[in-house]
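Asker: A single structure is presented below for examination.
The values are calculated or read from the model by the stated rules, or taken from the named source; none is laboratory data. Not measured: the values here are computed from a predicted model. All Cβ positions, even for glycine, are placed from backbone atoms using ideal geometry, and neighbour counts span all protein chains on display.
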Amino acid sequence: MGDPAKIAPFMESMLGTLYGDVFSPREEFLIMELFKMCISTEIKAAHHPKDMSESSSIVNTMILTYNKRRQGTEYLKATVGPVIKEITSKDDLNLNIDLKQVSNLLLILFSISNVY
């Protein structure tokens, strides 16, 4: 969609200027309307579903910027925080997201399971 290095500062500036850190139902409504319009536009422009999940997506940038606001941060901590704490407290859970390491581990596990 565009250069993320240029989009992020623009989105932060725009959302900060238009809506600031003041929490009011009207501002939140307007932000959600802006999100809906951007999501609709990106869906229409997407050639493949993965286009929506790319880091250069305007909607992704908007969501990240929105959640940097005090209210967004507090909301994320309250809703997602307990779930993340529960998941990360599990000792037997491998949360490695390095694709090369994960694929090597899967190959090893697959090889072991085929031997027995």
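Residues checked against (1) surrounded by 10 or more Cβ atoms within 10 Å (Cβ to Cβ); (2) polar (S, T, N, Q); (3) within 30 Å of K6 (Cβ to Cβ):
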site: T65; (1), (2), (3): yes, yes, yes
site: R69; (1), (2), (3): yes, no, yes
site: Y75; (1), (2), (3): yes, no, yes
site: V83; (1), (2), (3): no, no, no
site: E86; (1), (2), (3): no, no, no
site: K90; (1), (2), (3): no, no, no
site: I112; (1), (2), (3): no, no, no
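Asker: Taking into account only those residues within the stretch 92-108 that are outside any helix (DSSP H, G or I) and hydrophobic (A, V, I, L, M, F, W, C), which is nearest to K6 (Cα to Cα)?
Answerer: As a first pass, look at the stretch 92-108 and keep what is outside any helix (DSSP H, G or I): 92-98.
Now narrow it down to the ones that are hydrophobic (A, V, I, L, M, F, W, C): 93, 95, 97.
Details: L93: 37, L95: 31, I97: 27 Å.
For the stretch 92-108, the residue satisfying everything is I97.
Asker: Test L15 against the stated conditions and say whether it is at pLDDT below 85, surrounded by 10 or more Cβ atoms within 10 Å (Cβ to Cβ) and among the hydrophobic types (A, V, I, L, M, F, W, C).
Answerer: Answer is yes for this residue.
Asker: Name the pairs whose Cβ atoms lie under 9 Å apart, with the first residue in the stretch 29-46 and of a type in the set (D, E, K, R), the second modelled with pLDDT under 80 and assigned to a helix (DSSP H, G or I), and 6 or more positions between them or separate chains?
Answerer: The qualifying pairs are E42/D51; E42/M52; E42/I58; E42/V59.
Asker: A further question follows. Looking at this structure, is T61 of a type in the set (V, I, T), out of contact with any His (no Cβ under 7 Å at 6 or more places or on another chain) and closer than 20 Å to G16 by Cα?
Answerer: Details: of a type in the set (V, I, T): yes; out of contact with any His (no Cβ under 7 Å at 6 or more places or on another chain): yes; closer than 20 Å to G16 by Cα: yes.
Here the answer is yes, as T61 does meet what is asked.
Asker: Among helices (runs of 4 or more DSSP H) lying entirely in the stretch 31-91, which contain 1 or more residues that are of a type outside the set (A, V, I, L, M) and under 13 Å from the mean Cα position of the chain (by Cα)? It would help to see each step written out before you state the result.
Answerer: Working: elements: 58-68, 70-79, 81-88.
Of the helices (runs of 4 or more DSSP H) lying wholly inside the stretch 31-91, those with at least 1 residues that are of a type outside the set (A, V, I, L, M) and under 13 Å from the mean Cα position of the chain (by Cα) span 58-68, 70-79.
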